[in-house]
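A short write-up of the structure that comes next.
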Amino acid sequence: MIDARVARRYARALLSLGLEEGRHEQYGEELESVLRALKTSREASAILSNPGYTLRQRHAAVDALASALKLSPVLVNLLRLLLDRQRIADLSGVSRAYRAILDEKVGRVRATVTAAQPLGKAELERLREALAGVTRRNIVLEAKTDSSLIGGVVAQVGATMLDGSLRTQLQRMREELKRAPI
(Lines give C-alpha, C1' and ligand atoms only; values in the text may rest on other atoms or scores of the structure.)
Protein backbone atom coordinates (compact mmCIF):
# COMPACT_ATOMS: atom_id res chain seq x y z
CA MET A 1 0.00 0.00 0.00
CA ILE A 2 1.41 3.37 -0.92
CA ASP A 3 1.76 6.20 1.48
CA ALA A 4 -1.11 8.68 1.36
CA ARG A 5 1.38 11.39 0.43
CA VAL A 6 2.43 9.45 -2.66
CA ALA A 7 -1.22 8.89 -3.63
CA ARG A 8 -1.81 12.64 -3.30
CA ARG A 9 1.17 13.33 -5.58
CA TYR A 10 -0.29 11.15 -8.33
CA ALA A 11 -3.72 12.69 -7.73
CA ARG A 12 -2.38 16.25 -7.83
CA ALA A 13 -0.53 15.57 -11.06
CA LEU A 14 -3.68 14.17 -12.67
CA LEU A 15 -5.76 17.07 -11.35
CA SER A 16 -3.25 19.57 -12.69
CA LEU A 17 -3.56 18.07 -16.16
CA GLY A 18 -7.34 17.92 -15.80
CA LEU A 19 -7.60 21.55 -14.82
CA GLU A 20 -5.38 22.61 -17.73
CA GLU A 21 -7.59 20.72 -20.17
CA GLY A 22 -10.88 21.46 -18.40
CA ARG A 23 -11.48 17.73 -17.95
CA HIS A 24 -10.95 17.42 -14.18
CA GLU A 25 -14.47 16.08 -13.55
CA GLN A 26 -14.15 13.62 -16.43
CA TYR A 27 -10.88 12.24 -15.06
CA GLY A 28 -12.49 11.67 -11.67
CA GLU A 29 -15.38 9.82 -13.29
CA GLU A 30 -12.98 7.73 -15.36
CA LEU A 31 -10.99 6.78 -12.26
CA GLU A 32 -14.19 5.64 -10.58
CA SER A 33 -15.25 3.65 -13.65
CA VAL A 34 -11.88 1.85 -13.73
CA LEU A 35 -12.22 0.96 -10.04
CA ARG A 36 -15.76 -0.35 -10.60
CA ALA A 37 -14.59 -2.41 -13.58
CA LEU A 38 -11.70 -3.89 -11.60
CA LYS A 39 -14.03 -4.67 -8.71
CA THR A 40 -16.51 -6.51 -10.95
CA SER A 41 -13.89 -8.28 -13.06
CA ARG A 42 -11.59 -10.26 -10.82
CA GLU A 43 -9.81 -11.52 -13.93
CA ALA A 44 -8.82 -8.02 -15.07
CA SER A 45 -7.79 -7.11 -11.54
CA ALA A 46 -5.68 -10.27 -11.27
CA ILE A 47 -3.93 -9.63 -14.58
CA LEU A 48 -3.03 -6.07 -13.63
CA SER A 49 -1.79 -6.85 -10.15
CA ASN A 50 -0.10 -10.22 -10.74
CA PRO A 51 3.63 -9.88 -11.45
CA GLY A 52 3.46 -13.34 -13.05
CA TYR A 53 2.14 -11.64 -16.17
CA THR A 54 4.65 -9.73 -18.24
CA LEU A 55 4.50 -5.97 -18.31
CA ARG A 56 3.51 -6.20 -21.96
CA GLN A 57 0.51 -8.42 -21.07
CA ARG A 58 -0.54 -6.06 -18.30
CA HIS A 59 -0.25 -3.07 -20.65
CA ALA A 60 -2.44 -4.97 -23.12
CA ALA A 61 -4.99 -5.45 -20.34
CA VAL A 62 -4.92 -1.70 -19.67
CA ASP A 63 -5.46 -1.07 -23.38
CA ALA A 64 -8.42 -3.45 -23.42
CA LEU A 65 -9.86 -1.79 -20.33
CA ALA A 66 -9.30 1.65 -21.85
CA SER A 67 -11.04 0.61 -25.04
CA ALA A 68 -14.02 -0.90 -23.21
CA LEU A 69 -14.43 2.10 -20.90
CA LYS A 70 -13.46 4.73 -23.50
CA LEU A 71 -10.78 6.19 -21.24
CA SER A 72 -8.90 9.35 -22.11
CA PRO A 73 -5.23 9.06 -23.09
CA VAL A 74 -4.18 10.86 -19.90
CA LEU A 75 -5.86 8.27 -17.70
CA VAL A 76 -4.43 5.42 -19.77
CA ASN A 77 -0.98 6.93 -19.25
CA LEU A 78 -1.61 7.13 -15.50
CA LEU A 79 -2.60 3.46 -15.40
CA ARG A 80 0.51 2.50 -17.37
CA LEU A 81 2.69 4.58 -15.07
CA LEU A 82 1.20 2.87 -12.02
CA LEU A 83 1.83 -0.50 -13.67
CA ASP A 84 5.42 0.40 -14.53
CA ARG A 85 6.09 1.50 -10.96
CA GLN A 86 4.28 -1.53 -9.50
CA ARG A 87 1.64 0.64 -7.83
CA ILE A 88 -1.51 -0.38 -9.69
CA ALA A 89 -2.88 -2.03 -6.55
CA ASP A 90 -2.99 1.44 -5.02
CA LEU A 91 -5.25 2.92 -7.66
CA SER A 92 -8.08 3.20 -5.13
CA GLY A 93 -5.88 5.37 -2.87
CA VAL A 94 -5.03 7.62 -5.81
CA SER A 95 -8.72 7.83 -6.68
CA ARG A 96 -9.70 8.76 -3.11
CA ALA A 97 -6.99 11.41 -2.98
CA TYR A 98 -8.06 12.77 -6.38
CA ARG A 99 -11.69 13.00 -5.30
CA ALA A 100 -10.76 14.74 -2.03
CA ILE A 101 -8.48 17.28 -3.72
CA LEU A 102 -10.98 17.92 -6.51
CA ASP A 103 -13.86 18.33 -4.05
CA GLU A 104 -11.86 20.86 -2.07
CA LYS A 105 -10.85 22.71 -5.24
CA VAL A 106 -14.43 23.07 -6.51
CA GLY A 107 -15.98 23.70 -3.07
CA ARG A 108 -17.81 20.41 -2.80
CA VAL A 109 -18.39 18.27 0.29
CA ARG A 110 -19.43 14.63 0.37
CA ALA A 111 -22.07 13.61 2.85
CA THR A 112 -23.69 10.33 3.81
CA VAL A 113 -27.27 10.15 5.01
CA THR A 114 -28.41 6.97 6.71
CA ALA A 115 -32.11 6.35 7.29
CA ALA A 116 -34.18 3.48 8.63
CA GLN A 117 -35.94 3.13 5.28
CA PRO A 118 -34.97 4.17 1.76
CA LEU A 119 -35.57 7.88 1.18
CA GLY A 120 -37.31 9.27 -1.87
CA LYS A 121 -35.71 11.67 -4.33
CA ALA A 122 -37.60 14.65 -2.95
CA GLU A 123 -36.52 13.85 0.63
CA LEU A 124 -32.92 13.42 -0.42
CA GLU A 125 -33.00 16.71 -2.30
CA ARG A 126 -34.40 18.53 0.78
CA LEU A 127 -31.68 16.98 2.95
CA ARG A 128 -29.01 17.95 0.42
CA GLU A 129 -30.29 21.54 0.34
CA ALA A 130 -30.44 21.70 4.15
CA LEU A 131 -26.88 20.41 4.48
CA ALA A 132 -25.73 22.80 1.76
CA GLY A 133 -27.31 25.66 3.71
CA VAL A 134 -25.51 24.66 6.90
CA THR A 135 -22.11 24.10 5.27
CA ARG A 136 -22.44 26.79 2.57
CA ARG A 137 -20.91 24.36 0.09
CA ASN A 138 -22.18 22.08 -2.65
CA ILE A 139 -23.12 18.68 -1.26
CA VAL A 140 -22.74 15.32 -2.96
CA LEU A 141 -25.11 13.07 -1.07
CA GLU A 142 -24.89 9.31 -0.65
CA ALA A 143 -27.90 7.54 0.85
CA LYS A 144 -27.77 4.38 2.95
CA THR A 145 -30.31 2.44 4.95
CA ASP A 146 -29.97 0.92 8.42
CA SER A 147 -33.11 -0.54 9.95
CA SER A 148 -31.59 -0.41 13.45
CA LEU A 149 -32.12 3.37 13.43
CA ILE A 150 -35.88 2.73 13.85
CA GLY A 151 -36.67 6.18 12.40
CA GLY A 152 -35.11 9.54 11.61
CA VAL A 153 -31.78 10.08 9.86
CA VAL A 154 -28.07 10.28 10.60
CA ALA A 155 -26.04 12.59 8.41
CA GLN A 156 -22.27 12.67 8.22
CA VAL A 157 -20.69 15.66 6.52
CA GLY A 158 -16.93 15.35 6.59
CA ALA A 159 -16.01 14.75 10.24
CA THR A 160 -19.31 16.17 11.54
CA MET A 161 -22.05 13.72 12.54
CA LEU A 162 -25.64 14.95 12.83
CA ASP A 163 -27.69 12.25 14.55
CA GLY A 164 -31.45 12.68 14.46
CA SER A 165 -32.28 8.98 14.69
CA LEU A 166 -35.01 7.61 16.91
CA ARG A 167 -32.56 5.04 18.26
CA THR A 168 -30.27 7.78 19.59
CA GLN A 169 -33.18 9.76 21.02
CA LEU A 170 -34.40 6.66 22.86
CA GLN A 171 -30.88 6.02 24.21
CA ARG A 172 -30.67 9.60 25.48
CA MET A 173 -34.07 9.28 27.11
CA ARG A 174 -33.01 6.00 28.75
CA GLU A 175 -29.87 7.66 30.16
CA GLU A 176 -31.88 10.62 31.48
CA LEU A 177 -34.35 8.28 33.18
CA LYS A 178 -31.49 6.38 34.82
CA ARG A 179 -30.07 9.62 36.23
CA ALA A 180 -33.43 10.96 37.40
CA PRO A 181 -34.03 10.95 41.19
CA ILE A 182 -36.70 8.55 42.35
*Send over a whole-number figure in Å² for the accessible area per residue of the chain, probe 1.4 Å.*
64
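Would you work out the relative contact order for the chain, in percent, from Cα pairs under 8 angstrom that are 6 or more residues apart?
Numbers: 191 pairs, mean separation 35.3, N = 182.
This gives 19 percent for the chain.
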*Residues listed by number, region 59-79, amide nitrogen under 15 Å from residue 43 label point at 7 Å toward C-beta*: 61-62, 64-65, 68
*Determine, for each peptide in 10-17, 91-98, 118-125, the mean count of other beta carbons within 10 angstrom over its residues, then list the peptides with the highest first.*
91-98, 10-17, 118-125
*What lysines could a cross-link reach from residue 39, if we take a straight Cα to Cα line under 27 Å and drop same-chain neighbours fewer than 8 places away?*
70, 144
*Surface/4 of the Cα convex hull for region 93-182, nm²*: 7.8
_List the residue ranges in the chain for DSSP H helices whose C-alpha atoms run 18 angstrom or more along the long axis and whose Kyte-Doolittle average is -0.5 or above._
4-21, 55-69, 91-106, 121-135
*Among all the aspartates and glutamates, which ones have a C-alpha under 17 Å from residue 121's C-alpha, if same-chain residues fewer than 8 places away are not counted?*
129, 142
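Hey, any idea what the orientation-averaged projected area of the convex hull of the chain's Cα atoms comes to, in nm²?
That works out to 14.4 nm².
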*Using a probe of 1.4 angstrom, how much of the accessible area of region 4-143 is carbon and sulfur, in percent?*
50
*Can you grab the distance from the C-alpha centre of region 1-73 to the C-alpha centre of region 149-182, Å, no decimals?*
42
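Rounded to the nearest 500, what is the 222 nm mean residue ellipticity of the chain from helices alone, with -39500 (n - 2.57) per DSSP H run of 4+ residues and division by all residues?
Only helices count here, giving -20500 deg cm²/dmol.
The values are calculated or read from the model by the stated rules, or taken from the named source; none is laboratory data. This one's a predicted model, so the numbers in the text were calculated from it and none came from an experiment. When we count neighbours, we look across all protein chains shown, and the Cβ atoms used for this are built from the backbone with ideal geometry, even at glycine. Accessible surface is based on the protein model in full, side chains and every heavy atom, while ligands, DNA and RNA are left aside. Shrake-Rupley method; radii C 1.70, N 1.55, O 1.52, S 1.80 Å.
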